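Following: one structure in structure tokens, then a few remarks.
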Amino acid sequence: MADIQAETSDDETASVSRGKKVFRWSLIVTGILAALIAVGLAVSVSYSNIETIDRFMLDLKPWLGYWRLLLFAAVFGGWNRWSAMYALWASMSAEQLDLMIGCRWRMAAWVLVMEAVFSQHVLIDFVNNLLQAGAAS
């Protein structure tokens with residue numbers, strides 16, 4: 001009995017260690033990409049004026065919207081497949097996989113809420129309307 005518990009404990013320790021390693025590398029890659037984006041924005045602002053960049057972003061807005069919709073469809077349409085692949089890689093149990101699959105629509109709803117609030121400027125418009133209503137009274 002003690003041997004079985006020791007093996008299970010070693011497997012869990014290895015899994016946690018692998019998870020920490022993946023998290024660290026993901027964080028490093030994300031930081032590097034954020035730094036590259038910041039440098040790219042700084043260079044683009046220094047070589048062109050703000051109006052040109054604003055016009056470029058307005059021209060790209062529909063295409064970026066399509067790109068986000070395609071990503072949403074890929075992630076949430078293939079949620080079962082991605083979850084199964086991750087569960088196999090992370091040595092998850094069947095109960096953990098079922099729990100992850102069950103969170104699919106909750107995650108989709110929250111991603112759409114964040115999309116509406118941050119990308120579609122719903123929060124900014126709401127605050128501006130509040131400020132205008134306060135200034136009018």
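Where residues in the stretch 49-67 are at pLDDT 80 or above and farther than 18 Å from SER119 by Cβ, which of them is nearest to the chain's Cα centre (by Cα)?
If we take residues in the stretch 49-67 being at pLDDT 80 or above and farther than 18 Å from SER119 by Cβ, then ARG55 is nearest to the chain's Cα centre (by Cα).
In the stretch 78-111, how many residues are surrounded by 12 or more Cβ atoms within 10 Å (Cβ to Cβ) and more than 30 Å from THR13 (Cα to Cα)?
So the count comes out to 2.
Quick check, is GLY65 exposed (fewer than 11 other Cβ atoms within 10 Å of the Cβ) and not in a loop (DSSP other than H, G, I, E, B)?
No; evaluated as a whole, the condition is false for this residue.
Show the residue pairs that are 6+ apart or on different chains and have beta-carbon atoms under 8 Å apart, the first residue being within the stretch 116-137 and within 22 Å of TRP63 (Cα to Cα) and hydroxyl-bearing (Ser, Thr, Tyr), the second being assigned to a helix (DSSP H, G or I) and modelled with pLDDT of 80 or more.
As it stands, the answer is SER119/ARG68, since those pairs meet every condition given.
For the stretch 79-125, what are the residues that are farther than 24 Å from ARG18 by Cα and in a loop (DSSP other than H, G, I, E, B)?
GLN120, HIS121
The values are calculated or read from the model by the stated rules, or taken from the named source; none is laboratory data. Because the structure is predicted, anything quoted here is derived from the model rather than measured. Backbone-built Cβ (ideal geometry, glycine too); neighbour counts: all protein chains shown.
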